[in-house]
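Right, one structure below, let's go through it.
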Amino acid sequence: MDLEQAPPQTSETSLRSNRLGTLGIVFFVVAAAAPLVGMTGAVPVAIVAGNGAAAPGAYLAVGLTLLLFSVGYAAMSNRVTNTGAFFAYVGRGLGIGPGVGSAFVSLVAYLAVQLAIFGFFGALMASQMEDKLHLSASWWLWALVGWAAVLLLSLLSVDVGAKVLGVLMCLEIASLLLLAVVVLGRGGADGVDVGASFAPSRVFAGGFTGGAGIALAFAFASFIGFEATAIYGEESRDPKRTVPRATYLAVGVITLLFALTSFGIVTGLGADKVVDEAAKLSTVGDVPLANPAAVVFGVADRYVGTWLSTLMSWLVLSSLFAGLLAFQNSAARYFFAMGRAGVLPRALDRTNRPGAPHLASITASVITLAVIVFFAARRLDPVLNLFYWFSGLAVVAIVVVEALVCVAVIVFFRRAGDDPRVWHTTIAPALAFVGLVAGLYLLMSRFGLLAGTVAEGVDPTQHAWGLNVTGWILVLLPFAVLLLGVVLGIARRGGENEDAVKDLVS
């Protein structure tokens, strides 16, 4: 059907343009990936329960897969500049039904990962403040302090948030690079063994159903948030150039940081004995990996000094806060785009004087506040329940939508027929789709290990798919939300939904 362009935006219903450059967007995206949190939480598990010394290679393999995804993603960003990136990209390629479905799944992902971080942030703040400053308070109180600060910053201009994240990110990245450079420069425990960490035969040892699958699943989980570059397209300077550059740069930085730092950890402990050493450092009582952060801190103590591990223990908190702010902005901009499209209440498309989508941001905050209060009232654990459950849900949801984007890119450019770059419009998105589907299988089959939702009597390191009821609900929720969104998008073809279609072609 013939579609009209969306009506001109007013100052109250549009985001402020020319606020962010390439580096500003990269700060938000790398902050969302929370590299220090990944190093302290995910890498030790990938080493001990996964493929041992080859865990850095798993991060490199996932990074290369997401670089392939970025090729088609960046090509699409040249045609569509919309703050609801996945919503707009899938809608342009596959139609309004899948577009609306992907929007709801994206919202689930960003709200879920923010809730997961709130749980981790609250628990770590409570522990850190009691140990270091003798301030005793419940995890939920610290979570609410973080919640209020994140809401306040999200209501300010987006470039203010970028500056705050920039300072935190520089400190975080500097600490990780310092650790890796010092360990590798000193030769580690037994010398630098590149083959042990990056040789394909080592990386994929055990296959998808074994150790390699576990390591790759945790690597995929560590990259969530990189796709947010296009979300800031409307607020960037020259988005058709800025967004592609920011996408490639963000994925490259995250991949290099994860691969290099994890290689430094493996080298510091010794490639031949890294599994035993990491298990020993992370054991509390008789439970290995009960304190995975002790692995990174132990390497820092041994090769640099206790001052670095102390600094890192505080930077983990700033990393978590940076992630909270980044995902708050992502969720708010999805609410904004869906309100502007008429899929959600129109009031969500309002912006305040600094240019922030204030009602959308408040909506995201009200939802997260309700869940935090529920978990606190039910006395559920902030890490074992809030963090693990929702982080597992988030990464499955986001990979589902990324796979849809790959298909949408191929369909869109084949229909348009005006872009001769076969690599950008067909080959790279197709290869990325294969990699993402494989990653989705790994995430779902190892969901019990990721989310701590293992059925009774099942060893998640030895058996896949052994989920309890909570695990099955969480792992299938993104697909249920996708189906609901598709049905809603198809059913509402008139009135408000025409605005959604118009928004997709603006």
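The values are calculated or read from the model by the stated rules, or taken from the named source; none is laboratory data. Note that the structure is predicted; figures quoted are calculated from it, not measured. Ideal geometry is used to build each Cβ from the backbone, glycine not excepted, and the neighbour counts take in all protein chains shown. SASA here: full protein model, heavy atoms, side chains in, ligands and nucleic acids out. Shrake-Rupley method; radii C 1.70, N 1.55, O 1.52, S 1.80 Å.
When the chain is fully extended, how far beyond the present Cα-Cα distance does Ala174 get from Arg186, taking 0.36 nm per residue of separation?
Values: separation 12, 0.36 × 12 = 4.32 nm, distance 1.80 nm.
This chain segment gains 2.5 nm when fully extended.
For the chain, the per residue solvent-accessible surface stands at 37 Å², with DNA, RNA and ligands left out and a 1.4 Å probe.
Computed from label points 7 Å out along Cα-Cβ, the spacing between Arg79 and Asp418 is 1.0 nm. Give the carbon-plus-sulfur fraction of the accessible surface of the chain in %, rounded to a whole number; probe 1.4 Å, heavy atoms of protein chains only. Taking all protein chains in place, the chain shows 65 percent carbon and sulfur surface. Working from label points 7 Å from Cα in the Cα-to-Cβ sense, the Trp472 to Ala290 distance is 3.2 nm. Residues of the range 301-320 falling in the label zone of Lys280, defined by backbone nitrogen less than 12 Å from a point 7 Å along Cα to beta-carbon, are absent. Put simply, the amide H of Leu467, placed in the peptide plane, has neighbours under 5 Å in Ala455, leaving out anything fewer than 5 places away on its chain. Couplings for the range 130-137, taken from phi via the Karplus curve 6.51 cos²θ - 1.76 cosθ + 1.60 with θ = phi - 60°, read 6, 5, 8, 10, 6, 9, 9, 7 Hz in order; Gly and Pro are left as x. PRE reach from Thr209 (point 7 Å along Cα→Cβ): which of the range 407-445 fall under 20 Å by backbone N? Counting backbone N atoms under 20 Å from the label point, the list is 437-445. Only helical runs count toward this figure. For the chain, summing -39,500 (n - 2.57) over DSSP H runs of n ≥ 4 and dividing by all residues gives -23000 deg cm²/dmol at 222 nm. 3J(HN,Hα) couplings calculated from phi for the range 348-361 with the Karplus curve 6.51 cos²θ - 1.76 cosθ + 1.60 (θ = phi - 60°) are, in sequence order, 5, 8, 8, 10, 8, 4, x, x, 8, x, 5, 5, 5, 5 Hz; Gly and Pro show x.
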